[in-house]
Amino acid sequence: MSFFLGLDAGGTKTTCALGDDTQVLARAVGGSIKPLRVTIEQAQENLSAVLAEISSKTGGDLSKIAASCVGTAGVRLPQTDGWMRQILGCCAGGEIVICGDEEIALDAAFPGEAGVLAIAGTGSNVMGRTSQGEMLNVGGWGPVLGDQASGHWIGVQALRAAVRARDFNQPSMLLDRLLDFWSTPSPEELINVVHRLPPPDFSQLAKIVAECAEQGDAVAFDVLVLGGRLLGEDAVEAFHRVRQLDPDGPLPGFAFTGSVVDKIVPVQRSFTDTIRRNLPAALILPEAVDPLEGALWRARKAVSQ
């Protein structure tokens, strides 16, 4: 029996799974191993710690790994590929595949096939892939230009909606909750808080917005619904662009991943409802995909080819 490693190397954490030919045997989470986030020494230390946890859970010898796949952002940069191969090659044997984090997420949903994937966590992006493997993006412009339905976007939009609700005497608990979170004594003081340098982490507010929406706050609820609708519109556009590039290929399905679209119900519901309104017959996977499943699929494929 062969063994495989799948890794999702994010900016704040690295998730890892060890699998055999058919199933996941163990998982572990550790610190980031990405360039520009940590030094190569720290990356090596973080990776070693994650793999040591995997090894302790399974008793496996990682030098006998058949293949590994790392999904990460910035894979187009030459230093990213070399960096990942260097630190992983010191810890595990076998072939090494480096690809984009969006690609392993797409493979988790539609292994090697056409599909549309929406990611909404701290940031957001929508990717499409044709049956020939050609990739395209809709959105993903970053926090200033886009990132709709992301945690950052929700935080900023909620602040704007909360102060506007106050100006128009619209009932809402949202502003008071946001002031409490930042220990800000008055709405006027909020101006200084949001414009300070470096700016606060607006994505931390998404949880508060979701809680207010659950408690019936219409202002908070409308922010979440708007985010889901915009993300759904991006996904529909990605679908049409895939079809333009691949008119004779199979119809792409839709999938999603990321903490916001996975955990915040009004966002997810608005996202899927928007797709349904535009494409009533579309296939939409009902649950968030696990990118590690896609990384393991790619690692297994590297050996089988």
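The values are calculated or read from the model by the stated rules, or taken from the named source; none is laboratory data. Quantities reported herein were computed from a predicted structural model and do not represent experimental measurements. Backbone-built Cβ (ideal geometry, glycine too); neighbour counts: all protein chains shown. When the accessible area is computed, the model is the full protein with side chains, heavy atoms only, and any ligands, DNA or RNA have been set aside. Shrake-Rupley method; radii C 1.70, N 1.55, O 1.52, S 1.80 Å.
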> If you put +1 on each Lys and Arg Cβ and -1 on each Asp and Glu Cβ, how big is the dipole of the chain around its Cα centre, in Debye rounded to 20?
Replying inline: 140 debye
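Give me the percent of accessible area attributable to carbon and sulfur for segment 162-237, probe 1.4 angstrom.
With neighbouring chains kept in place, the figure for segment 162-237 is 52 percent.
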>> Give the residue list of chymotrypsin sites (Phe, Trp or Tyr not before Pro) in segment 148-199 that are DSSP loop and have at most 14 other beta-carbon atoms within 10 angstrom.
In response: Phe168, Trp182
> Of all DSSP beta bridges located in segment 1-111, what percent are antiparallel, nearest 5?
Replying inline: 50 percent
> Hey, which lysines would be in cross-link range of Lys263, C-alpha to C-alpha under 21 Å, not counting anything within fewer than 8 residues on its own chain?
Replying inline: Lys13, Lys207
>> Suppose every Lys and Arg Cβ carries +1 and every Asp and Glu Cβ carries -1, with no other charges. What dipole size does segment 133-247 come out with about its Cα centre, to the nearest 20 debye?
In response: 120 debye
>> Given the whole protein assembly as supplied and a 1.4 Å probe, what does the accessible area of Val194 come to in Å², nearest 10?
In response: 30 Å²
>> Whole angstrom only: what separates the Cα centroid of segment 69-102 from the Cα centroid of segment 131-159?
In response: 25 Å
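Antiparallel as a % of all DSSP beta bridges within the chain, to the nearest 5?
55 percent
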> Add -39500 (n - 2.57) for each DSSP H run of 4 or more in the chain, then divide by its residues: what number comes out at 222 nm, to the nearest 500 deg cm²/dmol?
Replying inline: -14500 deg cm²/dmol
> Counting trypsin sites (Lys or Arg not before Pro) as exposed when in a DSSP loop with at most 13 other beta carbons within 10 Å, what is the longest stretch of the chain free of them?
Replying inline: 77-195
> Assuming R0 = 35 Å, what is the FRET efficiency of Arg164 and Lys263, from their Cβ-Cβ distance, to the nearest 0.05?
Replying inline: 0.85
>> So the label point goes 7 Å from the Cα of Arg196 along Cα→C-beta, right? Which residues of segment 151-181 then have their backbone N under 16 Å from it?
In response: 178-181
>> As a test question: what accessible area, to the nearest 10 Å², does Cys90 have when a 1.4 Å probe is rolled over all protein chains in place?
In response: 100 Å²
> What accessible area per residue comes out for the chain, rounded to a whole number of Å², with a 1.4 Å probe?
Replying inline: 48 Å²
> Dipole of the chain (Lys/Arg Cβ +1, Asp/Glu Cβ -1, origin at the Cα centre): which of Thr72, Val219, Cys16 lies farthest to the positive side?
Replying inline: Thr72
>> Tell me the carbon and sulfur percent of the accessible area for segment 1-152, rounded to whole percent, probe radius 1.4 Å.
In response: 51 percent
> For Ser56 and Thr184 in one chain, what is 0.36 nm times their gap in residues minus the Cα-Cα distance, to one decimal in nm?
Replying inline: 41.4 nm
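Rounded to the nearest 20 Debye, what is the dipole magnitude of segment 29-95 about its Cα centre when Lys and Arg each give +1 and Asp and Glu each give -1 at the C-beta?
180 debye
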> Quick one: Karplus J couplings for segment 91-104, per residue in order, coefficients 6.51, -1.76, 1.60, θ = phi - 60°, nearest Hz, x for Gly and Pro?
Replying inline: 10, 9, x, x, 5, 10, 10, 10, 8, x, 5, 6, 5, 5
